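The values are calculated or read from the model by the stated rules, or taken from the named source; none is laboratory data. Please read these numbers as outputs of a predicted model, since none were measured by experiment. Positions of Cβ are generated from backbone atoms using ideal geometry, with glycine treated the same way; all protein chains shown enter the neighbour counts. All accessible areas refer to the heavy atoms of the entire protein, side chains included, with ligands and DNA or RNA removed. Shrake-Rupley method; radii C 1.70, N 1.55, O 1.52, S 1.80 Å.
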Amino acid sequence: MCGVVGFVGKRACADILVKALKNLEYRGYDSAGIAVFENEKIKTVKAKGKIREGLEEKLKKEPPLNAVCGIGHTRWATHGEPSDVNSHPIGNERISIVHNGIIENYREIKSFLIGKGYEFESETDTETVAKLLDHYYKGDPIKAIERVIGVIEGAYALGIIFKDHKNTIYAVRKDSPLIVGKGNGESFIASDMTAILEYTREYYCLERGEIAMLDGSGIHFTDLHGEPVEKELLTAEWDVESAQKGGYEHFMLKEIHEQPDAIRNTISPRVKDGMPDFSECGLTDEKLRSYKHIFIVGCGSAMHAGMAGKYLIEAVARTPVIVDIASEFRYRDPLVAEGDLAVIVSQSGETADTLEALKLSKAKGADTLAIVNVVGSSIAREADMVIYTNAGPEISVCSTKAYAVQTAFMYLFAFQIAYVRGKIDGSRCRELVKGLLEVPEKISECLEDMSQYQFAASKIFNADSLLYIGRGLDNALSMEGSLKLKEISYIHSEAYAAGELKHGTISLIEEGTPVIAVMTQNALKEKMISNVRTVKSRGAKVIIICRSSEKIDEDCADYKVGLPDADDIFLPLVSSAAMQLIAYYTAVQRGCDVDKPRNLAKSVTVE
Ligand code: F6R
């Protein structure tokens, strides 16, 4: 996730900006840069790679900078590979900007600007904002910013400098974080307080529709029409580590809370006029129509996202899908061949087995589509087509938001296959896409009150073993719920198709065995209730995850975890946040090291 910083004061600022950027390194990045007012010009220094080896080395080769005002950025690549030219700040001799977020309509803006004679150097969405500002700027920064804000769609936190408004920073945001720090005779902007805690603890939260202007006289807030806005000055009580976690106790909890935005960032750029659109990666409708077989391959949570994809694609697009674990796929001489599509799913893009599965599929003549979070990773580079999931870096070892975005992508993918293969018409496809775009809001509702997850956790944290049961999509998604629980709390857990229990596994149930029953599918409700009663009558302690509005008899389940209402097809994706939180609070109550579970690594680059 990109990091934004800015400084205005009386001291030389280059080192302050670099230090502030280093404080944001935990967010993950692949390039860094600064732009400062130096000798009546905007001077930009930026480089691919780590700050120490890239930006700092370049700065050492420059004459010392005396500037007292500038902006800085760490970039986590989303549009365009990590490179010097794609690094921020981006702009020209008149204007320079740093941006965190994603501009969804950047293609349209780019075409408009090319029509006006602008030329583009980078592959970034950010360059369209810089050029649009340049286009509208006629001497009044606020007016130019107001025009730009009216055009751009998506998420942004922007720090902006104009050459002819020396030693002044403008900042504006929507759906990406940005705070404004107030120091002693100096001011800052930053993605979060971590960046500037050693300089000040006092800050303002910038809201949507407000513009901050920082100059030698202090900090001024206006609305988009230039009218002054009064804001409350806040004081940060955190230490640096908790600031990195945005005030959350663990990265896992923070990343669970980032899921609504992460899903928006994955889905919105791939929706055009209400319909799925994968043209950015070359996955045309003709190709999607033509594939004989679709394989989805990954490891762990990524494979579970593939399992959700299988259920969705088969249900909506009536197209069979083979899901495989990468380490099995690569050694079993799979039947993948020319004319097939292999969808390779990976957060890191570096998992050894998954990478080999990709190479094997290519060697056998299949088209390969990578669903990857880390831009420029090995799997992204190797695949024929790439969809980046734009979730930002996932720091907790256990996957939460990366799984959520992979699964969300599977929905959109299923809808597009269904549409191009004539299984649903345009209006149904639009309806489904609309439903998917509403999922982030539903997940946000789930995240409002933690008490029911904490309560459920208190009922299982002493268990040695438990079962997750579900049917249909609930079965697919509870595989991931079960993996979460076992990997961070070390309680043995299995996910089982509810109807399969009676063929053996039910013998594990004894007095007090916890069972988590996921029941979001109205169409399968009666069958699920009967499975739940069966385990309950054998002594199981049942926690049921279902709609809050569902009436559950006491003799059926012991506790209920309520979900907001949503269509059957979308509620499982919402319920996965509830399962992650139950796992999280169980691990916390057991005193486990949530973000770094024993024996596990974030990126498994060996077999
Ligand atoms: C579980 C988890 C792992 C990863 C798996 C694949 O929480 O994080 O199961 O999903 O190691 O990793 P990627 O997606 O990086 O290929």
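Show me the strands (runs of 3 or more DSSP E) entirely contained within the stretch 105-215 in which 3 or more residues are among the charged types (D, E, K, R).
Correct list: empty, since no element meets the threshold.
For the condition in a helix (DSSP H, G or I), farther than 30 Å from E510 by Cα and within 16 Å of the ligand (Cβ to nearest atom), what is the one hit in V405, V397, V433?
V405
Considering only the stretch 320-336, state which residues are farther than 24 Å from M479 by Cα and open to solvent by 40 Å² or more (accessible area, probe 1.4 Å).
Listed by number, the residues that qualify are D333, L335.
If I go through the stretch 354-381 residue by residue, how many of them are open to solvent by less than 10 Å² (accessible area, probe 1.4 Å), in a loop (DSSP other than H, G, I, E, B) and touching a residue at least 40 places away in the same chain (Cβ under 8 Å)?
Going through the stretch 354-381 one residue at a time, the tally reaches 1.
Hey, could you check the stretch 70-121 for residues that are at pLDDT 95 or above, aliphatic (A, V, I, L, M) and within 24 Å of R52 (Cα to Cα) and say which is surrounded by the most Cβ atoms within 10 Å (Cβ to Cβ)?
V98
Please specify each residue of the stretch 268-317 satisfying the condition of being closer than 20 Å to L432 by Cα, within 16 Å of the ligand (Cβ to nearest atom) and open to solvent by 10 Å² or more (accessible area, probe 1.4 Å).
Answer for the stretch 268-317, where residues must be closer than 20 Å to L432 by Cα, within 16 Å of the ligand (Cβ to nearest atom) and open to solvent by 10 Å² or more (accessible area, probe 1.4 Å): just M307.
Can you tell me how many residues in the stretch 568-591 are of a type outside the set (F, W, Y), in contact with a helix residue (DSSP H, G or I) (Cβ under 6 Å, 6 or more places away or on another chain) and open to solvent by 10 Å² or more (accessible area, probe 1.4 Å)?
The number of residues fulfilling the criteria is 3.
Determine, yes or no, whether I469 is open to solvent by less than 20 Å² (accessible area, probe 1.4 Å) and out of contact with any Asp or Glu (no Cβ under 8 Å at 6 or more places or on another chain).
Answer is yes for this residue.
Give me the residue from the stretch 337-353 that is buried (at least 18 other Cβ atoms within 10 Å of the Cβ) and away from the ligand (no atom under 16 Å from the Cβ) and, out of that set, nearest to the chain's Cα centre (by Cα).
Step by step, filter the stretch 337-353, then rank; the result is L341.
Quick one: which of S458, S489, S482 is more than 21 Å from the chain's Cα centre (by Cα) and open to solvent by 10 Å² or more (accessible area, probe 1.4 Å)?
S458
Counting residues that are hydroxyl-bearing (S, T, Y) and surrounded by 18 or more Cβ atoms within 10 Å (Cβ to Cβ), which strands (runs of 3 or more DSSP E) fully inside the stretch 1-60 reach at least 1?
31-38, 41-48
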